[in-house]
């Protein structure tokens, strides 16, 4: 995906220091603790990488596992993967339910990357494409059940762009409306703030890997 | 008059679903076998003024489930996200379970006897040395009816002081004064059915999408069903409400006063008013102007009958001539053309027009006036007291109406629209209370701001705070907190968790909450809802009414509360009910409320509720053939007030160039003492932010989530910036929320208040903003 995103020049580098993120060596020493939290990949093999990450295969080859992106992250959203990540050991991952990407406007993680695994041509946070949010469990979604939740929508940094609310009549009560959050993957950056903020024990909105936008016309 | 019996029947048919009242408390449908062993009970939600019904499932003495009650007419089984996690508000790890007494800087566990004896001795000493006006009680629109009633009887009838206030002074007082000086009776003529039946909704500075969540989804459903429905949002900030509205009209802070006057000007200029309605129902009045802002201690301002001038319709029209749309545009920022348009919307005979408002209008240094002006629009056009066509003042607390307003726990009020200044009212009250009428002082007690300032002035010796958190929620907070920290008064706080108020207390009393006790709440639409106790309170926590009565016994006032232990709530109710019978605010016997999801007063002799007041179609006090009758107003005439524009107490200037506004969001409630204990809500929204307009932010070099310092003449605070998020204030405005107990944002707020309602203006003061 990364190489398809239109990137232009580089913005001013300015990142917050003092992150307590764990570089590879440290992580290996105390890896057990870290890996408890890790969901390095979802069931379909998707791993949420920091903004600007190039396509996964090339990313694994390019990333030098230096941990500089994690150190640059002011929210400690970026962690270094442990042994269970296999060949991905020591690569940066984001586990949104723990700490999503808050989309710093100057993208300090990207600026910190020495290897090109995070593409420095990326400077507009709205062009970030780490993945896309998907409502995976409509039956459980409180908003779709007619409750006034919509936390994911109101927390979305691209509110009304990446997630919109679609109102429709609630047949169950006959006099209320269902305000359903709808994700627009062409706008969603995959930051995972929605996944983090979902109030249900198992988030019904999660970040998944990007899929190609499929058309409704059949082009032979 | 416009409304016929046929219209009413039509409206009734449209709202046929409301026939559901009368459904007994039963297991909800769809309860599967795995849930057996659960006892279900009904209760109103603990949070806002909407008054959703919930079903509470109890097993083994613990709440195991809550859900929206399908039989609840307000919410039909739905909740907002706060209501969904309602039970968790009771099960925070740090519930207060034992009385605590201050020993120097430490709070030490004590028995109830020790705590109550200490409070009684402090109150007794203060009264003996300085008189009954040296003590006070500060309660809440979250008090149950019984708690508020006991407090009023104790303070006004027992101790003999009117120093009794609810936190509703901070939210509904302006609405109350306008209801009284316009209609002669508090609370709305309309109800939520108007949200289903109308076609035009004009919101004056109200973010209903977040502050009244379930009600808003009902309003939106009307819009989905009927393409004619228009929602017009007039505000200083683009919110989630704006997003769903048909039109957004940006207004400058305080601009509502000018815009409303200019709309009225157009209606008069173009003779768009309903002359017949005016002739029959309206008198014109002019009150006192050039009012102060209450910034000085003890600044007195009253609009006595001697200050009120009667106007003829022609005189009124003459006075209104200067408020042209151009003038309105200059002050409000709303284009003159838009003002003309709004006048046409309000007077469109093919439209059923409703005005909706809440804190934007009430928390206003001229809040009563703005309420008056909104009523003027409806009275001049006759668009009132008809199904689907009413002004509706939305409330924010579960029993701001039921307790604070109907029971009357304000410094000037007595139950059922009565006031302490009126001798006949005092006599009636004393009669029901079985006391000497002279015991109730005729002098109005200290209103909220003066009550807490009086601590700083060393004039108030004892204050007991129940069910609210003033040391987070009051404006110009530093002064008041410093006075408390200096131990200038003996402070008792009853609450369920440690709060920013308990930390300043001399005695902390652990309270029972919600279904840990029995009670009654009354919501925005005059709906009175009862619930029974379902679980025990943790540890030694006791309900507030028990605390009050035990204190009364120790003050030698036990005889005022001759209720049985078992029938306490029912007996208080039946005594209180005597005030309401024949008052136009009639309540039903207690038994009736145990079986239904609330009834809207006045409850008719046949036990049926009233949806629309003052109309022969529904109100039992209006005889057939009388049409609309404002029977609570003197001479059955309601008042259209001439209320000019006056500027706010503080406006932005060179040094403090931004408007500062505060408010609510959906995920948290009030000072967050309950929602802050719900991990899911904390996960959703963890703390306060400062909302800025993107252009202002850019100019100041502030980016999203940057730390920003906001400073007013009274205080300074650092908050993370929120830009292009859920809401965007207009340029030159910043907005933040008050739920976050780690950020005492009210230290920045000015303690200016409305001279008539004494309600502070939390929506307007001047600040400077810079990157921290």
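In this structure, residue B:314 does not qualify as within 26 Å of the chain's Cα centre (by Cα) and more than 18 Å from residue B:178 (Cα to Cα).
Selection of the range A:143-159 for residues being farther than 18 Å from residue B:685 by Cβ and either within 9 Å of another protein chain (Cβ to nearest Cβ) or not in a loop (DSSP other than H, G, I, E, B) (or both) yields A:145, A:146. When residue B:676 is tested against (1) within 14 Å of chain A (Cβ to nearest Cβ); (2) under 25 Å from the mean Cα position of the chain (by Cα); (3) part of a helix (DSSP H, G or I), just one condition goes unmet, and that condition is (1). Going by the conditions given, is residue B:611 buried (at least 24 other Cβ atoms within 10 Å of the Cβ), in contact with a helix residue (DSSP H, G or I) (Cβ under 7 Å, 6 or more places away or on another chain) and more than 14 Å from chain A (Cβ to nearest Cβ)? Taking the combined requirement at face value, the residue satisfies it. Scanning the range B:48-65 for residues that are buried (at least 24 other Cβ atoms within 10 Å of the Cβ) and either away from chain A (no Cβ under 12 Å) or in contact with a strand residue (DSSP E or B) (Cβ under 7 Å, 6 or more places away or on another chain) (or both) yields a total of 6.
Scanning the range B:196-214 for residues that are surrounded by 24 or more Cβ atoms within 10 Å (Cβ to Cβ) and facing chain A (nearest Cβ under 9 Å) gives B:209, B:213, B:214.
Of all the listed residues (B:219, B:260), the sole one being away from chain A (no Cβ under 11 Å) and within 23 Å of the chain's Cα centre (by Cα) is B:260.
Considering B:716, B:727, the condition of being surrounded by fewer than 19 Cβ atoms within 10 Å (Cβ to Cβ) and touching a strand residue (DSSP E or B) at 6+ places or on another chain (Cβ under 9 Å) is satisfied by B:716 alone.
For residues that are outside any loop (DSSP other than H, G, I, E, B) and under 15 Å from residue B:742 (Cβ atoms), scanning just the range B:684-709, find the one that is nearest to the other protein chains (Cβ to nearest Cβ). Applying the filter and picking the extreme gives B:707.
Taking the criterion of being at pLDDT below 95, assigned to a loop (DSSP other than H, G, I, E, B) and either within 12 Å of chain B (Cβ to nearest Cβ) or surrounded by fewer than 18 Cβ atoms within 10 Å (Cβ to Cβ) (or both), would at least one residue in the range A:131-138 satisfy it? Within the range A:131-138, not a single residue is at pLDDT below 95, assigned to a loop (DSSP other than H, G, I, E, B) and either within 12 Å of chain B (Cβ to nearest Cβ) or surrounded by fewer than 18 Cβ atoms within 10 Å (Cβ to Cβ) (or both). The number of residues in the range A:173-196 being within 15 Å of residue A:138 (Cβ to Cβ) and either assigned to a helix (DSSP H, G or I) or at the interface with chain B (Cβ under 7 Å from one of its Cβ atoms) (or both) comes to 2. Taken together, the criteria exclude residue B:651 from residues that are within 14 Å of another protein chain (Cβ to nearest Cβ) and either under 30 Å from residue B:49 (Cβ atoms) or in a loop (DSSP other than H, G, I, E, B) (or both). Using the structure shown, decide if residue B:136 is in a helix (DSSP H, G or I) and either surrounded by 24 or more Cβ atoms within 10 Å (Cβ to Cβ) or within 14 Å of chain A (Cβ to nearest Cβ) (or both). For residue B:136, the condition - in a helix (DSSP H, G or I) and either surrounded by 24 or more Cβ atoms within 10 Å (Cβ to Cβ) or within 14 Å of chain A (Cβ to nearest Cβ) (or both) - is not met. When B:98, B:122, B:88 are screened for being over 23 Å from residue B:546 (Cβ atoms) and not in a strand (DSSP E or B), only B:88 passes. Summed over the range B:559-575, residues that are under 14 Å from residue B:532 (Cα atoms) and touching a residue at least 60 places away in the same chain (Cβ under 8 Å) total 3.
The values are calculated or read from the model by the stated rules, or taken from the named source; none is laboratory data. Only a predicted model underlies this, so the values are computations on that prediction, with no experimental measurement involved. Because the Cβ atoms are built from the backbone with ideal geometry, glycine has one as well, and the counts that use them run over all protein chains shown.
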